[in-house]
Amino acid sequence: MSEPIAPVSQDGVRAAIARASQATGVDFSLLVETARRESALNPHARAGTSSATGLFQFIESTWLDMVRRHGAEHGLGAQANA
């Protein structure tokens, strides 16, 4: 049985987006507005019509491709090479 997912504060979500903005050079406001539109800033969001999940509603195949292509640059080297 899986553990319940703990709620995440909006401040925590914004802080994570700020770190992503700094790490990638992508504008913070663009990331926040995209996440707001895709998931209402809910990192546990799940689309009812596809496999899309998370703040930015990645589908599994897109996420895996992004990790494969760019994961090593962002500390996911082991996963990128899996």
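Values quoted throughout were computed directly from the atomic coordinates according to the rules given, and no laboratory measurement underlies them. Quick caveat: nothing in here was measured; it's all calculated off a predicted structure. Note that we place each Cβ from the backbone using ideal geometry, even for glycine, and neighbour counts take in every protein chain shown.
Based on the Kirkwood radius over alpha-carbon pairs, what is the Stokes-Einstein translational diffusion coefficient of the stretch 10-80 at 37 °C with 0.692 mPa s viscosity, in µm²/s?
So the translational diffusion coefficient is about 257 µm²/s.
List the DSSP H helices in the chain whose Cα atoms stretch 20 Å or more along the helix axis and whose mean Kyte-Doolittle hydropathy is at least -1.0.
Span-like helices in the chain: 10-24.
With +1 on each Lys and Arg Cβ and -1 on each Asp and Glu Cβ, and nothing else charged, work out how big the dipole of the chain is about its Cα centre, in Debye to the nearest 20.
40
Pull up all non-local amide H partners of Phe58: gap of 5 or more, or a different chain, and H-to-H distance under 5 Å with H placed in the peptide plane.
Thr53
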